[in-house]
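See structure below.
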Amino acid sequence: MSKKLRMGVIGLRMGKNHAKAYQTHPGSELVAICDMDKDLLAATGDELGVEKRYTDAAKMMKDAKLDAVSIATPNRFHAPLSIAALEAGLHVLCEKPMAMNAAEAEKMNKAALKAKRNLMINFSYRFSEMSYALKDQVDRGAVGDIYFGRTVWHRRRGIPGFGGAFTNKDLAGGGPLIDLGVHRLDLALWLMGYPEPIAVSGSTYDPIARAKADAAGATYTVEDLAAGIVKFANGATLIVEASWALNIEEREHMVTLLCGTKGGLVQKNTGGGYNFVAELYTDEGGNQFTKRLDWSTEPVPSSYHEFVDSIIAKRPPMATGEQGIKVMKILDGIYESAATGREVRYDR
Ligand SMILES: NC(=O)c1ccc[n+]([C@@H]2O[C@H](COP(=O)([O-])OP(=O)(O)OC[C@H]3O[C@@H](n4cnc5c(N)ncnc54)[C@H](O)[C@@H]3O)[C@@H](O)[C@H]2O)c1
């Protein structure tokens, strides 16, 4: 086998998952890690047995002779770190959301095209046996043309800690929509074939988190609920909902429903937790059938292994910068529409 790819990871909370995955792929080795938090850096380095440790990402990119890097910092740093890495000739796996907004995402994608390096976005929920089973149904034509969908991730109470990056608009770009909504949006768009969004309307609210923040004397600058309706160039419509705090029954409520000319597909959690079911709804000869999908097939590669595989095979990764841009355009549209009270159009 040819030389292993030399991998680095920036941001070691979520990034620890990236780091561990690079240690388990036969084609990659974890060479260097970076975090501004010295204690976390030392603890992660000791646990994973990594000698090259940096508090400065630019220094790591310059000194560690890397082939590729994962970026798992707060959202604000995704674009500048990705662009710096691409300009240094590294392939990049950037955490979701791709960036703070679509303009930044476009710049990242341009940098990747210019550098001729892979830029992958970590839409990690797509990389599961169940997601592949859903995609298989779509590819086999079981749902026909998808013209309507609804994709949702609500938490009854799941507001990230006040004072952290997630509740600060300057560091995160938004709240549950940019945090949780991106995963459900990616899953729906991937199954729909990533159609081009042409119009977006949305609303955002913050009453539950705001009351808690006010009571705690904390700063809270993002929404606690966002809802939007997206229209695509192919005529399809998708409803998107995401919240960290909503007065609903379940602790977590996740559902992606896609309805087509021949059938409907749903992926949803059960019991308010992280167990999922996937079903196909069809009409055969006037009779309606519900089929529970079986996804106990071959394990599919994680997003981290897909990133490594794509570099080795010299092909684009499965979750591309172009797809990340479409997600960011929709998020921007929902936030802008919520602020202005008007529909945002991309086709005029
Ligand atoms: N794909 C998923 O399912 C998933 C899950 C969780 C988080 N995420 C994403 O991962 C990213 C990080 O999330 P988190 O929960 O780890 O956030 P976090 O705020 O808990 O941790 C971020 C870490 O990055 C470090 N850091 C910040 N700026 C840095 C810089 N410039 N250079 C080096 N280190 C820096 C911090 O010290 C901290 O340790 C976010 O974009 C989040 O949306 C994705």
Going through region 39-57 one residue at a time, which ones are within 14 Å of the ligand (Cβ to nearest atom) and touching a Leu at 6+ places or on another chain (Cβ under 7 Å)? LEU40, LEU41, THR44, ARG53, THR55, ALA57
Pick from region 113-135 the residues that are surrounded by fewer than 23 Cβ atoms within 10 Å (Cβ to Cβ) and aromatic (Phe, Trp, Tyr): which of them is farthest from the chain's Cα centre (by Cα)? TYR132
Please enumerate the residues belonging to region 111-162 that are within 16 Å of the ligand (Cβ to nearest atom) and over 16 Å from PRO317 (Cβ atoms). SER128, MET130, THR151, TRP153, ARG155, GLY158, ILE159, PRO160, GLY161, PHE162
Looking at GLY144, GLY202, GLY163 in this structure, which one is at pLDDT below 95, open to solvent by 10 Å² or more (accessible area, probe 1.4 Å) and not assigned by TED's automatic domain parsing to the domain that holds ALA79? GLY163
Would it be correct to say that ARG6 is open to solvent by 40 Å² or more (accessible area, probe 1.4 Å), part of a strand (DSSP E or B) and among the charged types (D, E, K, R)? yes
Among the residues of region 166-210, which ones are closer than 18 Å to ILE239 by Cβ and charged (D, E, K, R)? ARG184, ASP186, GLU196
Before we move on, is VAL138 aliphatic (A, V, I, L, M), under 16 Å from LEU187 (Cβ atoms), modelled with pLDDT of 95 or more and open to solvent by 20 Å² or more (accessible area, probe 1.4 Å)? yes
Taking the stated definitions as given, is ILE83 assigned to a strand (DSSP E or B) and either over 20 Å from ALA115 (Cβ atoms) or within 15 Å of the ligand (Cβ to nearest atom) (or both)? no
With the checklist (1) in contact with a Ser or Thr (Cβ under 7 Å, 6 or more places away or on another chain); (2) outside any strand (DSSP E or B) in hand, flag the one item ALA227 doesn't pass. (2)
Condition first: closer than 15 Å to LEU90 by Cβ and either open to solvent by 60 Å² or more (accessible area, probe 1.4 Å) or in contact with a His (Cβ under 6 Å, 6 or more places away or on another chain) (or both). Now tell me which residues in region 42-62 satisfy that. LYS52, ALA58, LYS59, LYS62
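Taking region 9-19 as the region of interest, how many residues are in a helix (DSSP H, G or I) and surrounded by fewer than 15 Cβ atoms within 10 Å (Cβ to Cβ)?
0
Restricting the search to region 25-41, which residues are surrounded by fewer than 19 Cβ atoms within 10 Å (Cβ to Cβ) and in contact (Cβ under 8 Å) with a residue 24 or more places away in the chain?
Passing the criteria: PRO26, GLY27, GLU29, ASP37, LEU40, LEU41.
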Would you point out which residue out of ARG184, ARG210 is of a type in the set (Lys, Arg), under 15 Å from LYS96 (Cα atoms) and part of a helix (DSSP H, G or I)? ARG184
Given the options MET60, MET36, MET100, MET108, name the one that is touching a Gly at 6+ places or on another chain (Cβ under 7 Å), within 16 Å of the ligand (Cβ to nearest atom) and assigned to a loop (DSSP other than H, G, I, E, B). MET100
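The values are calculated or read from the model by the stated rules, or taken from the named source; none is laboratory data. All values derive from a computational prediction rather than experimental measurement. Cβ atoms come from the backbone with ideal geometry, glycine included; neighbour counts cover every protein chain shown. Remember, those area values only see protein heavy atoms, side chains included, never the ligands or the DNA or RNA. Shrake-Rupley method; radii C 1.70, N 1.55, O 1.52, S 1.80 Å.
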